[in-house]
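The structure appears right after this line, and notes come after that.
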Amino acid sequence: MSTRELSRLEVVQRVLDRRLSQRAAATSLGISYRQMKRLVARYRVRGPQGLISGKRGQPGNHRLPAAFTETVIAMVREHYGDFGPTLAREKLYERHGLNIGRATLRLLMREAGLWLPRAQRRKAIQQPRARRDCFGELIQVDGSEHRWFEDRGPVCTVLSYVDDATSRLQLLRFVEGESTFDYMQATRTYLERYGKPLTFYSDKHTVFHVSKRSALAALA
């Protein structure tokens, strides 16, 4: 039984136990008094089974004929397999005279495996980058904001310099925020201690590149 039918069962049982009048029961269920009387009568004859909707398991009144949906899916599979539901619907109407709702076509295409929502589409697999062979070839640079000192200090950022070949932490510096100036100071410290690596590798944080065209023009 559904949640709605279980609720009706409880109310009908209260009516039969004479703890609730049929009019009050009808009001609580949001149905008419005559409908409430029919529910009570069906329950007395068939028990809880009498409260289950007779339409369960039957096709809805607005369901499209099977022959029509089969034709639609066949057309989409043959001509518009790489189309989305919106464009496929337009082509079905313009070229084949088949008029179907976009939401209905979307559901049919999903069931037939012809279309997937964006969130379910398989993302391209990124090939993992191979580590460098020798120490000092590539240094990974990153910043992470966190409450590193718990309640003993304010939120701050830690700048880390990690050797790619060995995963060894080469430099760690706590700063107020992730800024170009702080990275420049930390990088200078690294160069003074370990020398110049072949490559520094960082994320796409704005401190590492200039994105505004006006700034690029000024540099030029």
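The values are calculated or read from the model by the stated rules, or taken from the named source; none is laboratory data. Values in this document were obtained by computation on a predicted structure and should not be read as measured data. Here the Cβ positions follow ideal geometry from the backbone for every residue, glycine too, while neighbour counts run over all protein chains shown. Surface areas here come from the heavy atoms of the whole protein model, side chains and all, with no ligands, DNA or RNA. Shrake-Rupley method; radii C 1.70, N 1.55, O 1.52, S 1.80 Å.
Numbers at a glance
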| read-out | value |
| --- | --- |
| Residue satisfying all of: in the stretch 82-100; closer than 11 Å to V72 by Cβ and either assigned to a loop (DSSP other than H, G, I, E, B) or among the hydrophobic types (A, V, I, L, M, F, W, C) (or both); most open to solvent (accessible area, probe 1.4 Å) among these | N99 |
| All positions within the stretch 14-26 that are of a type outside the set (A, V, I, L, M) and either in contact (Cβ under 8 Å) with a residue 24 or more places away in the chain or not in a helix (DSSP H, G or I) (or both) | D17, R18, R19, S21 |
| Of all residues making up the stretch 44-65, the number that are modelled with pLDDT of 85 or more and either under 17 Å from R110 (Cα atoms) or open to solvent by less than 70 Å² (accessible area, probe 1.4 Å) (or both) | 0 |
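Matching residues to (1) outside any strand (DSSP E or B); (2) over 34 Å from the mean Cα position of the chain (by Cα); (3) over 15 Å from T199 (Cα atoms):
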{"residue": "Q140", "(1), (2), (3)": "no, no, no"}
{"residue": "V158", "(1), (2), (3)": "no, no, yes"}
{"residue": "A165", "(1), (2), (3)": "yes, yes, no"}
{"residue": "R173", "(1), (2), (3)": "no, yes, yes"}
{"residue": "E178", "(1), (2), (3)": "yes, no, yes"}
{"residue": "F181", "(1), (2), (3)": "yes, yes, yes"}
